[in-house]
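To start, the structure under review is shown below, and the notes come after it.
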Amino acid sequence: MDDGIDSDLILSITPDLMACLRRSHFFERLDGLLCPERGLQAREVCGGNYKLSKSILEVAGFDSADLEDVFNVLRSQGACCDCEVLYNVAESSRLKAEYWKRQAHGTEAKPKHGETQ
């Protein structure tokens, strides 16, 4: 990891941090915004950043120091934006399932950031 981020620290906090994210239902809430069940609400669009994740985490009580750790851990696992959290970090999500369904049918699988599906 670059930019002065202590990779040993990130590695050491990852299991507990992920447990906190699961306990707060972070992944389910993010999935609910990016890929709502049965069209119950409008689909949010990933802006290529953590805007949606940040809002969910703040409502759940994570402070700014917590957010820095969360985003460092998510980046270490290959998530550089909201949609990549669901594609690369979450164990399962509707958004990831939708991606693979589109892949199987040969249609464009992932929208570009800022596009709706």
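The values are calculated or read from the model by the stated rules, or taken from the named source; none is laboratory data. In this text the structure is predicted, and so the values were computed from the model without any measurement. In this analysis, Cβ positions are derived from the backbone assuming ideal geometry, glycine residues included, and neighbour counts consider all displayed protein chains.
Below, the figures for the structure above:
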{"item": "Residue that is modelled with the lowest pLDDT, among those in the stretch 38-91 that are among the charged types (D, E, K, R) and more than 19 Å from G114 (Cα to Cα)", "result": "R38"}
{"item": "Among (1) surrounded by fewer than 16 Cβ atoms within 10 Å (Cβ to Cβ); (2) within 14 Å of R94 (Cα to Cα), the one test that F27 misses", "result": "(1)"}
{"item": "Among residues of the stretch 76-92, those that are more than 16 Å from G48 (Cα to Cα) and under 8 Å from the mean Cα position of the chain (by Cα), counted", "result": "1"}
{"item": "Residues of the stretch 33-77 satisfying the condition of being of a type in the set (G, A, S) and crowded, with 18+ Cβ neighbours inside 10 Å", "result": "S53"}
{"item": "Helices (runs of 4 or more DSSP H) wholly inside the stretch 20-104 that include at least 2 residues being within 22 Å of I10 (Cα to Cα) and touching a residue at least 12 places away in the same chain (Cβ under 8 Å)", "result": "26-34, 51-59, 64-76"}
{"item": "Matching residues in the stretch 93-108 - criterion: being of a type in the set (A, V, I, L, M, F, W, C) and under 20 Å from the mean Cα position of the chain (by Cα)", "result": "L95, A97, W100"}
{"item": "Selected residue (only one of S12, S7 is farther than 19 Å from C81 by Cα, among the hydroxyl-bearing types (S, T, Y) and in contact (Cβ under 8 Å) with a residue 24 or more places away in the chain)", "result": "S7"}
